[in-house]
Structures are given as C-alpha cells and as structure tokens.
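Written out below as structure tokens is the structure these notes cover.
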Amino acid sequence: MKAFRLSAFATALGFVVVLLGLPGITQARSGPMSGRDSVGQSLALPAYSEANHQIGKIVMTVTNHGTFGTGYQKSGTDFLTGELLQSCEFPKGSRTQYLFVGTFWIGAVAGRDTLVSAGADGWNAGEELHPDAPPLGKMIYRSTIDPTKSTFEDAISEEDFVAVYFDTCITGCLGVRPDPVAQRPHRPLNIQITERSFAWSYTYADNFILFDYAVKNIGRNRLKRVYMGIYVDADVMAQNNQNGFLDDVCGFRHSLPAFYSTTRCSWEDTINIAWIADNEGDPTWPPPVPNVTGTRIVRTPSDSLDISFNWWVSNGDSRLDWGPRHKTDTRDLTTGGNGTPVGDNNKYWYLRNGEFDYDQVFTAGISPLDTLWQYPPEGLARDIADGFDTRYLLSFGPFEIDPGQTLPISFAYVGGENFHPNKNNASNLPDHPNEYYGNLDFSNLGYGAIWSSWIYDNPGFDTDSDGYMGKHHICNAGSDTSYERIDTIYDTITIDPPVITIRYDTIWRFADTVWYEGDGVPDFRGASPPPGPSSWAAVYNGVRTPALRVYPSVGKVMVRFNGLKSETSRDVFSRTLDFEGYRVYYARDERRSSYTLYTSYDKRDFNKWVWTMQGITGSWTLRDIPFTLEQLRCLYAPGGCADSGWSPLQYPRENPYRLPSNPDSIFYFAPQDFNNFEFGVSSLIRKVYPNEPYPPKLDPDSVDVSYLTPEGFFKYFEYEIELDNLLLSVPYYISVTAFDFGSPKTGLGALESSPTLNPAVTYPLWSSQTVVDSNLKAFVWPNPYRIDGNYRDEGYEGRTDINLPPDRVRRVHFANLPPQCTIRIFTLDGDLVREIRHDLPVSDPMSNNASWDLITRNTQMAVSGLYYWTIEKPDGSVQIGKLVLIM
C-alpha cells in the first residue's frame, strides 16, 4: 500500500528517471570506490549493510546508506544474524511498527548552487548516500557485553553499529536520480558521514537508540550556510494493518515536569522532542499501537543555531498534499501542493525556514484571522487534525564546513510507552484538541529523552577538567523541618543540625543540588554499576597484582578479592556511594550463560515504600535510597536509636507503618536484595581481616604499611571464599561482581558489573608454586586419549569452539607443572613430534597447566600409537612419561 501511494505521488510529480551516462563519481579527496569510474567502467558495488538494533525494547533497522527503518532496505536481512529486518518494533515482540523510514538530510550552498543530499526523501527511491565497496564499506559491530571478544574494543554500548557512507555520486551512479524540479542531475556535496548508533538493555536506556554523526567535507570547496535535519515518516500501525498509516498525529514537546522532582521541589525538564503516534492507539486492532516515538537532537555543531520543526501530509493528490506555513511564506513548491518539498531548493527551504509548526491536532482551530499561520484548506483541516499520513523534519543551522573539516550531530530516537491511557481520547478530535492533548501521557517518552541526553553528556561531570560541570537546580527547604537524604558513605550517630551525619553513612541536609545538564563535552557513557574486583589491579613496589586472585589446590580454589574500588566509587549520576554488595560466580567456559551464582553478600538495608495519592487513587512509590537498620530505628522506633527490639520487617506491605505525627503518612519496609550481610554465616564470603579498622586515607602511598597487604591492597577491603567439590579435569572461570542499589530519584534500577569481565581462570589442582616447593610430579590426562571418548560432548574440550571441526578442538593436558618448563612429545623411535614452551609468571593461576592440541610440529594430526613425553625444568632436571593415543 505504501509503495503504491509513493508511486502514485511520483507519477503525479512527473518523475522521469533518466540514466544520463555521465561519470558516476565526482572529483573528491576520497569516496566510495563503487558504481562507475570516470570512464564508465563498472566497479565493485557498495557494501550495503543493514542490521537490527535489538538489545533493548526498540527493535529498529540501521543501515550504511543514510536511512534507518526498512523503508528503503537493500537486503531485507540482518547482515550479522541473517534475521528479517524490523523497521521499528516497540516494544520488542509486540508485532507493531512505529517507523517506515527515517533519514539524514544535509543542505548547503556550494558555489552558486543550493544543494541537498539525503539517504531518501520519503517519496523518491533514488537514494544519494552510499558506502564504499567491500571490505571497507561494511558496517562494524561492537559490544561492551563480553570483554573476551574482539568486538569489545572501542565499544560504547551493549550494541554499537558503525557505518561510513558518502555523497559523491551524480545522477546515473548507483540509481541516483535527477532533481525533478530543477531538471538537472544530482550534484553531490562531496561529504563523508560516519554514523555510530548505540543501544542498551538497562532499564533506564532500553527505550531509545542514540545516533552520532560526524560529517566531513571531503571536497575542494567550502560548504556554506549548511543545515542538517532528521526526516521521519513513521506510519504507526500493527504489522498486519496495511492501512494504519492514515491516522497518525505528530507534534513537538518542549518540556515536561522533571521525573526527579521531590515533594519539596519540582522543575520542568526541557526535552525538545518531535513526536509522532497513532491518533488513538488502535485499541480494537490486534495488536494495538498505544505508544509513541520521537526524535530529540542532543548535539549540534553550535549552541547558537536556528531550529526548525516542519510537518506535512504527502499525497499524490495535490489538494491533499499540505502542511502548516507562515502567512509570509508564499513559496511555490511547483507540485501543485503545499506540503511535500520536492527538489533541492524546496528541501533546503524547509531545512532553513526557521518555522516551528503547531501540533497537528490543532489544525482545525487555525482561524482565517490568525496573524501568524495560513488558513488551512476548508474541509481538509478537520481531516488532518484527527490524523493523516504525516511526516516531520527536525532541522538546524546554519554553519560552514571547510574542506577537511568535520562537524558533529547527535540525536536520539526515543520510544514512549502508554502514550494513550484513554482509549476513547480520539473522540475529542478535531473539535477539542486541548482535551485530547491533556489525555496524552508523555512521561515515558520524556524519561527516555532525558536519559538519552544524560548518556550523551553526563550531568554534573567535568569531562574536560576545566572546572565547569554543567547546569543544576538547587532545592532549598527553607524553614521546612524535614530533611532531604542525599548521600551515603558508612555507620555511628552524631546529631548537629542543620546537618545530621550518621558516621559518614548518610548525610541529611536542607539544600540539595540536582544536576540536569552536562558540561557540553560528550561522554557517551551511561550509568554503570560499581567497578567489580576483576576490573582493576594494584601496583605496589613496581609489581602489578589483580584485585581478583585465585589460589588453586586439589578440588578447591581459594578466591580472594579486594573491594576498595567497588565500595568507594561514586555513581556518575547520583554522586552517591551506591555500593550494595558482591556476587561470586563460576563457570566452565567464558560464555555469560554458563555462569552460576555461588554465593553473594549485600548490606543490611531496607527500602521505604511510601503510599502516594494520585488523584483519587494511589500507589506505593520508592523515593529514597535504602536505609540501614540503625537509621530506621533512629527515625521510627519508639525507643529511638537504642531500641534493639524494633525491626522494619514488622511493617511489611500488609501491615504498613503510620507516622504518629501524621497518620496520613503511610509506608512499609522491604529488604534491599537478600540482606545476606553476615560474613561467613548468611554469606559464604569472609573478611580476611575482620578486626581491621577503616583506613584513615584511601591512598596506599599515604598510610602506614600496617594497613596494607604485601601486595599493596588495603586489608580492610580484603575478602575471600573457598570453592570446593570441583572437577580436577576442567578449567573454572571465576568472577566476583559488584552491584548497587540503583537510584530512585532518577528511576534507575540496581546495576551489576559483568561476570564476563576479566574472570580468573584456573584448574583446581596444585598451584605451580606448590609444585615447585613440594617438587610434585607432573601427569597427563586423558591417558589414553580415545577418539571415541566423547570428550567434546562431555564438555571437556571445545565448549565454546562450536564452529570448529572436531580435529581442531582436541586436547591432552599436562598438569602439576612449574611456571617455566619445556614439554616435548616423541615417538618410540625418538622423533620429536611437538615441543611446547611453557612460560608463565608464578602468579598466573594457569601456570600449573598446559595442553597439546594433538597437532605435530609439521601441522599434521597425530596418529594412534604409544608416545613418550618429557618435561624439562629450568634447572635441567627432566621427568619422563608415556602417552597413548587411540585415534
């Protein structure tokens, strides 16, 4: 249906596609080696790539030819997974569509020409942006999920896609079409665009995708009066509803009440988001589409730019092709219509017109006497006001790009759930737009819009160390006697109003600073959990020691870790010490799905859920970070801080607490996590130095050595746990993660560091140091090695190399090794089959083990037979043994 509509529109405009036989690529410093060369010879086709962002709630196609969504897809399948592309399904699995196509537009004055280039314009399939030929033009995938994979390097999010494409083709090259209004070939701007898109699965970031563009002038001429824009044709509908695009409404929202407001202070958040949705959410259609999507610009090349928001209805019937325009705008689009900007000159006019259109639902209310807006066509205004086939352009400029110069633009494509809480709201259109607008719920859309800008530029964080941390609100309670809880650090009680400090554990004060905007320097960093012990190491007396260490013995592994970084690192956004606890995992390979929780520790603290009235109904809300037992007793126990018989668990949800001084103040308490707070009792984790005092300073170079271990770790933060009953013949991947308690103020749930980040790997056998000290003998397993032993099926070899053939995952292991030795395998005739040099530091937990892949020194597979092996130590001593292979 969409294709037919666009085709009809193109015909109405008199589109004629002519292959002019002109050179395919213009003069530029660099560009895609594809299409046609200067004498018309065919070159390799561009490496078109398309992929689904699907780590979060939004499943959306991104490409390397200037579009997002599937409106102008090249292949139909994800280049990574082979799965079918999803234009924009939100939320994931809902079988809905919230996007037909989105694309990047850029316009400039080059010499005497006004030029615009676009990935697509929504009605003309002649795209103008193209990648290079393979392999240079292929998209790149990166991810922070698994540090052991090559895709981890330079990753920003859990799902990065990087694409580079160019505008260097003229008409006749790669299907580029001529300008249908100016009747001339497409003239490229000679630019290179590097597009990065980022997505996360965290609850605070799973409803948006962040795009970052770098636009480089690779031509010889300065590009003047440059404007950039994001064009969106949404077509909101169920995937099985072919006509659902005919009742969309769109608009622009400047601000919303801040979701981090408190009972004492409230603010408005500037979100500046262009949005589009179905007019009522199609509540009777299976499935309905009750949500909304929008575009928020989070970075432009300059702060002092003109912003334009234009929306219009495109239609092959020029009488229905219409959009809002100022009365002073008398531009003739030459199509007979008053909406769709066909051709470079018209597109550039829309990019730079400085117009901010009213929201679509107010169309029928525009009067002939309106001093700013043109009067909509009678009969059409009401039809448009209650929903139509609408699209929008959000643009900004001007600026200039010199040859070789690169300018940035970043935006977020955001989804908002439950936009239509009132299923009958469309009955207010077109006559009662204010009532209609009042029934829309922008809160979830606004939440995503704010978090997208915070990830781009972290509020309150001085990225470039120039002393400026961004913009903030000050909440001052004045004479209010209630305290605002703003920080957590550790336990005792001293009271000294107006500041109450509970042994550096909690700070309460009248004034609170809330950062809402960053310092203007991009961070592209989301909220993260406390750093786990596997993420850092101590360097002391020139020796580097990981904070996570393992000490193997037969059938056991002693795990020791240091929690200095985990327990003293402040959260990027809340600025609090939000450490909550540790979790110990183990696995038999490095895959995330293989890890099993062995034990955990978390603080003894409690959440306070407050009953909050919302109109005539109410709900339980979490406002504060967790309270310790001591803090709650001081606040609510009848006997005060010393009332040891009082427990918050006496007041669960079924029996909430009522504040004696205010019976309308109702709340209940629940443990934060499991409250496994007793070392060696409820948690198998033990403190190595249980009586060690907290250090006076946290710099190891500034304290007495008595506070430190021989490796330079603070004793106070040293923990250990023993894993036992382990198999001797398999390696174990051991990880200790740290997790926080989240941030109720920003709606952020608890976060945990990744167990796959630098796990310690070892076999539960004697350590190489024990082998040396006790002069233990080495041994080999399996011996004999049987080709029919099902070792792979049993998980003893090739657990993660599932794509390798069987002869590439076979292993014979040598155990009880010293850290340095040379292993040699011989035939009975004395021919050397393979030599393996084993050389690892004694601190490496894998220094007690080595393996042979059954490949000879001539790169051939070993054959059945009796072999003997030798292990030569650095002192020249040699151990000899036998090995049987049954192949």
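The values are calculated or read from the model by the stated rules, or taken from the named source; none is laboratory data. These numbers come from a predicted model, not from an experiment. Cβ coordinates were reconstructed from backbone atoms using ideal geometry, including for glycine residues, and neighbour counts include every protein chain displayed. Just the protein is used for accessible areas: all its heavy atoms, side chains included, with ligands, DNA and RNA removed. Shrake-Rupley method; radii C 1.70, N 1.55, O 1.52, S 1.80 Å.
Of (1) within 30 Å of Gly618 (Cα to Cα); (2) assigned to a strand (DSSP E or B); (3) not basic (Lys, Arg), Ser735 satisfies all except one. Which?
Failing condition for Ser735: (1).
Across the stretch 809-835, what is the total count of residues that are closer than 17 Å to Asp875 by Cα, under 48 Å from the mean Cα position of the chain (by Cα) and not in a loop (DSSP other than H, G, I, E, B)?
4
Return the only residue of Pro421, Pro459 being open to solvent by less than 20 Å² (accessible area, probe 1.4 Å) and part of a loop (DSSP other than H, G, I, E, B). Spell out the reasoning first.
Details: Pro421 fails: open to solvent by less than 20 Å² (accessible area, probe 1.4 Å).
Just a single option satisfies the conditions, and that option is Pro459.
Tell me, which residue of the stretch 241-257 that is modelled with pLDDT of 85 or more and open to solvent by 10 Å² or more (accessible area, probe 1.4 Å) is farthest from Val313 (Cα to Cα)?
Pro257
Tell me yes or no: at least one residue of the stretch 534-547 is within 30 Å of Arg299 (Cα to Cα) and in contact with a Leu (Cβ under 7 Å, 6 or more places away or on another chain).
no
When the residues of the stretch 769-790 are filtered to those that are in contact (Cβ under 8 Å) with a residue 60 or more places away in the chain and open to solvent by less than 30 Å² (accessible area, probe 1.4 Å), which remaining residue is nearest to Val554 (Cα to Cα)?
Val771
Out of (1) in contact with a strand residue (DSSP E or B) (Cβ under 6 Å, 6 or more places away or on another chain); (2) under 17 Å from Phe388 (Cβ atoms); (3) free of Cβ contacts under 8 Å to residues at least 60 places away in the same chain, what's the single condition that is false for Ala274?
Against the list (1) in contact with a strand residue (DSSP E or B) (Cβ under 6 Å, 6 or more places away or on another chain); (2) under 17 Å from Phe388 (Cβ atoms); (3) free of Cβ contacts under 8 Å to residues at least 60 places away in the same chain, Ala274 comes up short only on (3).
Here is a list: Trp311, Trp373. Which entry is in contact with a Cys (Cβ under 6 Å, 6 or more places away or on another chain), open to solvent by less than 60 Å² (accessible area, probe 1.4 Å) and among the aromatic types (Phe, Trp, Tyr)?
Checking each option against the conditions leaves just Trp311.
Give the number of residues within the stretch 732-758 that are open to solvent by less than 30 Å² (accessible area, probe 1.4 Å) and modelled with pLDDT of 90 or more.
Number satisfying all stated conditions: 9.
Considering Val863, Val842, Val878, which residue is surrounded by fewer than 17 Cβ atoms within 10 Å (Cβ to Cβ), out of contact with any His (no Cβ under 7 Å at 6 or more places or on another chain) and in contact (Cβ under 8 Å) with a residue 60 or more places away in the chain?
Every option except Val842 fails the conditions.
Hey, which of the strands (runs of 3 or more DSSP E) in the stretch 549-658, taking only ones fully inside, have at least 2 residues that are of a type outside the set (S, T, N, Q) and over 28 Å from the mean Cα position of the chain (by Cα)?
Filter on the stretch 549-658 gives 556-562, 605-614, 617-622.
If Gly520 passes every condition in (1) at pLDDT below 85; (2) part of a loop (DSSP other than H, G, I, E, B); (3) out of contact with any helix residue (DSSP H, G or I) (no Cβ under 6 Å at 6 or more places or on another chain) but one, which one does it miss?
Status for Gly520: all satisfied but (1).
So which residues in the stretch 278-327 are under 18 Å from Leu351 (Cβ atoms) and among the aliphatic types (A, V, I, L, M)?
Across the stretch 278-327, the qualifying residues are Ile297, Leu305, Ile307.
Every residue in the stretch 341-397 that is hydroxyl-bearing (Ser, Thr, Tyr) and without any contact (Cβ under 8 Å) to a residue 24 or more places away in the chain, please.
Ser367, Tyr375
Identify, please: which residue in the stretch 276-291 is buried (at least 22 other Cβ atoms within 10 Å of the Cβ) and in contact with a Ser or Thr (Cβ under 7 Å, 6 or more places away or on another chain) and is, among those, farthest from Ala238 (Cα to Cα)?
Filtering first and then ranking leaves Ile276.
Would you confirm, using the coordinates I've provided, whether Ala108 is among the small types (Gly, Ala, Ser) and either surrounded by fewer than 19 Cβ atoms within 10 Å (Cβ to Cβ) or under 22 Å from Met60 (Cβ atoms) (or both)?
no
Mind checking whether some residue in the stretch 156-176 is open to solvent by less than 50 Å² (accessible area, probe 1.4 Å), among the small types (Gly, Ala, Ser) and free of Cβ contacts under 8 Å to residues at least 40 places away in the same chain?
no
Residue by residue, here is whether (1) under 27 Å from the mean Cα position of the chain (by Cα); (2) modelled with pLDDT of 85 or more; (3) open to solvent by 60 Å² or more (accessible area, probe 1.4 Å) holds:
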position: Gly467; (1), (2), (3): no, yes, yes
position: Lys471; (1), (2), (3): yes, yes, yes
position: Arg485; (1), (2), (3): no, no, no
position: Pro498; (1), (2), (3): no, no, yes
